[in-house]
Amino acid sequence: MFYGLKQPYPFNAWYVGALSSELGRFLFPRTLLGLPVVFYRTAMGRAMAAFGICPHRSYPLKNGTLTHDGIQCGYHGLIFDTSGTCRQLLRPGVGTVRSSLRMFPVAEQGPLVWVWLGDPRLADLATIPRTANLGVGSPGWRVDCSGYLNVRARHQVLCDNLLDSAHIDFVHNTSLERAPLFGVAKLASHPTTCTVSRESLANDAANFAFLLPGITGEVDIVMTSEFRGPGLIVAVQSHFYRSVASGEPREPIAEMAFAHALTPETPTSTHYFPLFMRNFRLRDEMLSAVMGAQNLLVAEEDKAVVELVEAARALYADQMDLSTAEDAAALQARRLIANMIDAEALP
């Protein structure tokens, strides 16, 4: 049980534990899924993650030091190498330590450092949420991190929010401008993901002059929102095409996406990493600054709302959870997460 709740999130999943820019030749602590974790880089630059408590006498390793490629406990001087094995005592020759330090599987992709906190035997790199088509590690793309937020709300509440387009006109009515969406939302579900797609056809290209200067004529837009796993939600991925006659192949113009890495901190708080990706104007620092600031503003508006929702749920957890047709994607994501949690509970 977690604070009176049933297991609130899956452990056998990849989550973003840190941004690449946050790690270096020092111990960087962060609580993930209720577990204390310390990150660091080896002398060769490899990202590492370890359980943040010394197995000897439970001293917090965030108060230790990084020595060569190992962590030295600040209490008795035990040093644990990159495999978690205790290689050195403060006073050699006075005995051995049988316990080892738990090390977590880590995978670094572009600006993201993924970590696996569940059963290490199941840590398959192939199950990292798909990011290549968002430009992470892909040539011809730029990925900008819009900052970091600590949200005092459970992971599920933030997932619900990011898969919900109905709140945009109310929560983000001044921070966002949207192209009109004439198409009906289409939900496609898969074993571990779900996607909502919409189309907006024959838009005046002048509406997108800020993003795509010089484009004329009419533009079609395909917009998708996707739950790619508990650690990554693509709130909006926009594909811009030149409008063509019905049945003819579309000519792509540009793509951009607003993706969000979400990692539970505790059952009632979440680490939130908003990202902005694009495959155009890659060297335009002004565009990155403007869009990054807007992305962070939108994330801060979402943070304020979901924290109010969390506070209300803490007081009125027994109230009916009303849902509408607009909540289909969020409800499907809930089911997918629940299936992952249930699978972990099996003997």
Completion exercise
Log entry, pairs with first residue in the range 211-231 being touching a residue at least 60 places away in the same chain (Cβ under 8 Å) and under 24 Å from GLU248 (Cβ atoms), second being among the acidic types (Asp, Glu) and outside any strand (DSSP E or B), beta carbons closer than 9 Å, six or more apart or on different chains, reads none
Exercise for the section: Mind listing whichever residues of the range 108-135 are in contact with a Cys (Cβ under 9 Å, 6 or more places away or on another chain) and surrounded by fewer than 21 Cβ atoms within 10 Å (Cβ to Cβ)? Expected result: PRO111
Completion exercise
(1) under 30 Å from SER288 (Cβ atoms); (2) in contact with a Leu (Cβ under 6 Å, 6 or more places away or on another chain); (3) in contact (Cβ under 8 Å) with a residue 24 or more places away in the chain all hold for ARG41 apart from (3)
Practice task
Read through the list (1) buried (at least 20 other Cβ atoms within 10 Å of the Cβ); (2) farther than 25 Å from PRO111 by Cβ, then give the number of the only condition that GLU199 fails.
Solution key: (1)
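A quick yes/no check of all residues on (1) surrounded by 18 or more Cβ atoms within 10 Å (Cβ to Cβ); (2) basic (Lys, Arg); (3) more than 26 Å from PRO8 (Cα to Cα); (4) assigned by TED's automatic domain parsing to the domain that holds LYS303:
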residue	(1), (2), (3), (4)
TYR148	no, no, no, yes
VAL151	yes, no, no, yes
ARG154	yes, yes, no, yes
LEU158	yes, no, no, yes
ALA166	no, no, no, yes
HIS172	no, no, yes, yes
LYS186	no, yes, yes, yes
THR192	no, no, no, yes
Problem - Residues (within 14 Å of the chain's Cα centre (by Cα) and among the aromatic types (Phe, Trp, Tyr)) located in the range 10-26 - result: TRP14, TYR15
Problem - Condition met for GLY231 (modelled with pLDDT under 95 and out of contact with any Lys or Arg (no Cβ under 6 Å at 6 or more places or on another chain)) - result: no
Practice task
Check the range 146-153 and report whether any residue there is part of a strand (DSSP E or B) and closer than 23 Å to ILE341 by Cα.
Solution key: yes
Exercise for the section: Answer yes if at least one residue in the range 259-279 is free of Cβ contacts under 8 Å to residues at least 60 places away in the same chain and either under 21 Å from CYS194 (Cβ atoms) or surrounded by 12 or more Cβ atoms within 10 Å (Cβ to Cβ) (or both), and no otherwise. Expected result: no
Practice task
Test GLU326 against the stated conditions and say whether it is at pLDDT 95 or above, over 19 Å from the mean Cα position of the chain (by Cα) and assigned by TED's automatic domain parsing to the domain that holds ASP160.
Solution key: no
Practice task
Within the range 317-326, identify whether any single residue is in a helix (DSSP H, G or I) and surrounded by fewer than 17 Cβ atoms within 10 Å (Cβ to Cβ), and answer yes or no.
Solution key: yes
Handout entry: Neighbours by Cβ (under 8 Å, 6+ apart or cross-chain): first from the range 113-124, in the same structural domain as ARG46 (by TED's automatic domain parsing); second part of a loop (DSSP other than H, G, I, E, B) and hydroxyl-bearing (Ser, Thr, Tyr)
Key = none
Practice task
Say whether the condition of being touching a residue at least 12 places away in the same chain (Cβ under 8 Å) and assigned to a helix (DSSP H, G or I) is met by at least one residue in the range 179-196.
Solution key: no
Practice task
Taking only the range 154-164 into account, find how many residues are within 15 Å of GLN332 (Cα to Cα) and part of a loop (DSSP other than H, G, I, E, B).
Solution key: 2
Fill in the blank from the handout: Restricting the range 217-229 to residues that are more than 22 Å from ILE168 (Cα to Cα) and buried (at least 16 other Cβ atoms within 10 Å of the Cβ), the one farthest from the chain's Cα centre (by Cα) turns out to be VAL219
Exercise for the section: Give the range 258-282 a look and list any residue that's hydrophobic (A, V, I, L, M, F, W, C) and over 20 Å from ARG228 (Cα atoms), or say none. Expected result: PHE280, LEU282
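The values are calculated or read from the model by the stated rules, or taken from the named source; none is laboratory data. From a predicted model like this one, the values you see are computed outputs, not experimental measurements. All Cβ positions, even for glycine, are placed from backbone atoms using ideal geometry, and neighbour counts span all protein chains on display.
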